[in-house]
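Structure first, commentary second.
The values are calculated or read from the model by the stated rules, or taken from the named source; none is laboratory data. Keep in mind it's a predicted model, so treat the numbers as computed, not measured. Neighbour counts are summed over all protein chains in view; Cβ atoms, including those assigned to glycine, are modelled from backbone coordinates with ideal geometry.
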Amino acid sequence: MTAVAALDTGLDWSADRIIGDAGRLLGDHRPADALRLLTDAPASTHDLPLLHHLTGRAQAGLNNPLAALTAFRKAAERGGASADLFNDMGNSLAWLGKLGPAADAYRLAIRLQPNAAPLYLNLGNALSAAGDLAGAARAFAECATQCPSDPVARHMLAALTGGPPPDRAADGYVAANFDNFAASFDATLVGKLGYEGPALIRAAMDRQLGRPEGQLYVLDAGCGTGLCAPLLRPFAAQLDGVDLSAEMLVHAQARQAYDRLDRVELGAHLAAHPAHWDAIVAADVFSYFGNLAEPFRAAKLALRPGGALFATVESDEQAAAGFVLRPSGRYAHTEAFVAACARDAGLYLVHYEIRTLRHERGLPVPAMVFILAAEAPGHAEEHHQ
Ligand SMILES: C[S@@+](CC[C@H](N)C(=O)[O-])C[C@H]1O[C@@H](n2cnc3c(N)ncnc32)[C@H](O)[C@@H]1O
C-alpha cells in the first residue's frame, strides 16, 4: 500500500479498530479498558452511533446506568436506532427503576425486530415489576409462542397464570435470569431493595457456630455475585462457591474471596460431595426451589458430622401445597413444609425466625431464616466437645 493510500484509509481503519477492540474488551468483561479506549477516540469518530452505543455498554458494565442511558441516547440521536440499542436503553431504564419508559423502549425494539423472543422477556419482566401482570403474561406468552422451549417464558407463565408450578426453577431459567441481572444485581439488591440476606445468614451462623475461627469448610450454594463472601470468610479455612449463572460468577470471582468457584447446579453438586462441608449457606436461593425435599437430602449427604445448613426462604403461611410460585417468579414456603422436608431428609430444624429479607415495591418481603443441623442438637454438642 502506498503512503497516500494509507493516509486515505487511516481514519476509517482507526474507527473500525477502536470499535472492534472496544467490543472485544466488553466481551472479555473489561468495561473500564473499553471505556478508556472509547473516550480517547479521535474527534473524527465522535459522530459514529456505534461509538456511543459501546460507550453506553461500557458504562453499564461499570454500574453506571445513568451514564449508559446518556450514551445510548447520543447513539440514537446520531441515527443509531436499532433493536439492540432500544433493548440496551430499556435495560438501563429498568435498572434506574423507570419501568414504564423501559417497557416503551422494549416495545420500540420489538417494532424493529418482532421475531426476537428475548425482547418479549425483557418487556415481560419490566411489566411484571411494574405490577402489570396481565401485560407481562401476554409478553411471556408471545415469547413462548416464538420459542416454545424458552425456560424463562415457561417459568414466568407458570408464575403469572397460576398453572401447576414445577418442583424447582429450570436450570435454563436460573442461568438466563441471573446472567441478565448480574451487572445490576448488587446495586439493585443492596442499594434499592434493602437486601438483608447475607447479614441474616451471618447472624444465624454466629448463633450456631460461635466466634469464627477460620477452620471450617464452607459452601456458598447459589453464591451469586458473592455478597455473602466477606461475612462467611472469617469462618472458613476453605470457602467454595457454586452458581448456575456464569455472569454472576464473574462478579463473585472479582471479589477474590473464594478459594474455588464452580458453575454447577447446587443440588447435583451437593449430592456428588458426601461429607464435604461443615457449613452450607443458601441465602435467597431456595426462592428458586418449590419442593425442598431433594436439595435438603443432598445437603444432609454433603454435610460433615456436626455441620449445618443456613438458609432463607420467602415465607407464605397460606401456601396450601406447602409452597407457591409467586408472580415474581420466586417460590415462597410455609414453615411446616420446611420442617417436614428437613425431617424427611434427616436434618434437624434447630432455629428459625421470620425476618424481612428485602423490599419489593416498597413493601417488606418476610422470610424464614433457618438452621438445619446434620445431627440432633445434643449429639452435635457432644461432637464439638
Ligand atoms: C437471589 S440470588 C442470591 C445470591 C447470593 N446468595 C446472595 O445472597 O447475594 C440467587 C442465586 O442462586 C442461584 N441459583 C438458583 N438456583 C440455583 C441452582 N439450582 N443451582 C445453583 N445456583 C442456583 C442463582 O443463579 C443466583 O445467583
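Structure values in brief
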{"item": "Matching entry among 197, 172 (being within 15 Å of the ligand (Cβ to nearest atom), touching a residue at least 12 places away in the same chain (Cβ under 8 Å) and surrounded by fewer than 16 Cβ atoms within 10 Å (Cβ to Cβ))", "result": "172"}
{"item": "Subset of region 17-76 that is polar (S, T, N, Q) and surrounded by fewer than 14 Cβ atoms within 10 Å (Cβ to Cβ) - its residue that is modelled with the highest pLDDT", "result": "39"}
{"item": "Odd one out for residue 206 among (1) away from the ligand (no atom under 11 Å from the Cβ); (2) under 15 Å from residue 371 (Cα atoms); (3) touching a residue at least 40 places away in the same chain (Cβ under 8 Å)", "result": "(3)"}
{"item": "Residue match in region 7-14 (condition: modelled with pLDDT of 50 or more, more than 20 Å from residue 63 (Cβ to Cβ) and assigned to a helix (DSSP H, G or I))", "result": "yes"}
{"item": "Pair list, Cβ < 9 Å and 6+ apart or interchain, from region 278-302 residues that are farther than 20 Å from residue 202 by Cα to residues that are part of a strand (DSSP E or B) and polar (S, T, N, Q)", "result": "none"}
{"item": "Any hit, region 265-287, residues being among the aromatic types (Phe, Trp, Tyr), near the ligand (Cβ under 10 Å from one of its atoms) and under 28 Å from residue 360 (Cα atoms)", "result": "yes"}
{"item": "Qualifying residue in region 182-194 (condition: in contact with a helix residue (DSSP H, G or I) (Cβ under 8 Å, 6 or more places away or on another chain), of a type outside the set (Ser, Thr, Tyr) and more than 28 Å from residue 90 (Cβ to Cβ))", "result": "no"}
{"item": "Close pairs from region 259-275: first on the phi > 0 side of the Ramachandran plot, partner among the small types (Gly, Ala, Ser) and more than 10 Å from the ligand (Cβ to nearest atom), Cβ under 6 Å, at least 6 apart", "result": "none"}
{"item": "Criterion: in contact (Cβ under 8 Å) with a residue 12 or more places away in the chain and assigned by TED's automatic domain parsing to the domain that holds residue 96 - qualifying residue of 144, 134", "result": "144"}
{"item": "Test: residue in region 147-167 that is touching a Cys at 6+ places or on another chain (Cβ under 8 Å) and β-branched (Val, Ile, Thr)", "result": "yes"}
{"item": "Qualifying residue in region 297-308 (condition: surrounded by 19 or more Cβ atoms within 10 Å (Cβ to Cβ), within 14 Å of the ligand (Cβ to nearest atom) and part of a strand (DSSP E or B))", "result": "no"}
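Each row is one residue, and each column tells you yes or no for (1) at pLDDT below 90; (2) part of a helix (DSSP H, G or I); (3) within 18 Å of the chain's Cα centre (by Cα).
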| residue | (1), (2), (3) |
| --- | --- |
| 85 | no, yes, no |
| 104 | no, yes, no |
| 107 | no, yes, no |
| 110 | no, yes, no |
| 121 | no, yes, yes |
| 134 | no, yes, no |
| 163 | yes, no, no |
| 175 | no, yes, yes |
| 185 | no, yes, yes |
